[in-house]
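The values are calculated or read from the model by the stated rules, or taken from the named source; none is laboratory data. Not measured: the values here are computed from a predicted model. Positions of Cβ are backbone-derived with ideal geometry, glycine not excepted, and every protein chain shown enters the neighbour counts. Accessible surface is based on the protein model in full, side chains and every heavy atom, while ligands, DNA and RNA are left aside. Shrake-Rupley method; radii C 1.70, N 1.55, O 1.52, S 1.80 Å.
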Amino acid sequence: MFGNCLEIVMKTCLFCQISQKQIPSKVQFESGEIFAFDDANPKAPVHILIIPKRHIENVATANSQDKKLLGEMILTAQKLAQDKKIDQTGYRLVFNTRRHAGQIVDHIHLHLIGGKKLGQMA
Ligand code: 5GP
Ligand code: ZN
């Protein structure tokens with residue numbers, strides 16, 4: 001039963017569809033488990049979203065089985081920051097989680113933001 005629910009979620013979820021290339025995006029990195037693409041509404045010169053191909057809703061619903069995947073997301077951000085030459089100037093990594101944080105897409109995603117001096121966080 002849960003398997004079927006996940007299938008339905010993955011057919012309708014925007015980021016599942018982007019990682020399956022059913023919806024186009026500017027791809028920055030892809031591996032067996034990870035997908036990274038430009039944010040459609042960038043907040044800085046570099047604004048990339050790093051997601052797992054497997055559907056996880058957010059940090060609040062992740063569990064210990066997701067440890068390796070979460071680590072890979074962060075190391076992918078590190079690699080992309082080097083590729084984009086913002087690793088020395090610095091960058092911000094953000095996991096918006098649920099409504100108060102402004103999460104609008106319910107598929108876990110790590111924002112990699114940089115390329116300019118960023119303002120203070122709320
Ligand atoms: P959230 O607010 O959920 O943390 O961030 C979701 C991000 O996804 C936003 O920064 C938004 O600009 C981006 N986004 C929403 N829809 C699309 C889309 O269809 N394509 C791409 N590339 N980014 C999207
Ligand atoms: Zn999804």
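Tabulated data for the structure shown
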item: Most mobile of HIS109, HIS100, HIS55 in a GNM of the chain (Cα contacts under 10 Å); result: HIS100
item: At R0 = 22 Å, FRET efficiency that the Cβ-Cβ distance of THR89 and GLN17 yields, to 0.05; result: 0.10
item: Long-range amide H partners of ARG98 with built H, under 5 Å; result: GLN103
item: Separation between Cα centres of region 3-27 and region 56-88, rounded to whole Å; result: 19 Å
item: Straight-distance crosslink candidates among aspartates and glutamates, where the alpha carbon sits under 16 Å from LYS53 and sequence neighbours closer than 8 are dropped; result: GLU7, GLU30, GLU33, ASP38, ASP66, GLU72, ASP106
item: Over region 11-69, equivalent-ellipsoid semi-axes from the Cα gyration tensor in Å; result: 20, 14, 11
item: In Å², nearest 10: area of LEU93 left accessible to a 1.4 Å probe; result: 70 Å²
item: Debye log10 I(q)/I(0) at q = 0.16, 0.17, 0.19, 0.21 Å⁻¹ for the chain, Cα point scatterers; result: -0.77, -0.87, -1.09, -1.31
item: Residue-averaged [θ]222 nm for the chain, counting only DSSP H segments that reach four residues, each worth -39500 (n - 2.57); result: -8500 deg cm²/dmol
item: The chain, accessible surface, carbon-and-sulfur percent (1.4 angstrom probe); result: 56 percent
item: Highest-MSF residue in the chain out of ILE48, ILE23, ILE74 [GNM, Cα springs under 10 Å]; result: ILE23
item: Order by protection proxy (mean Cβ within 10 Å, highest first), peptides 13-20, 101-108; result: 13-20, 101-108
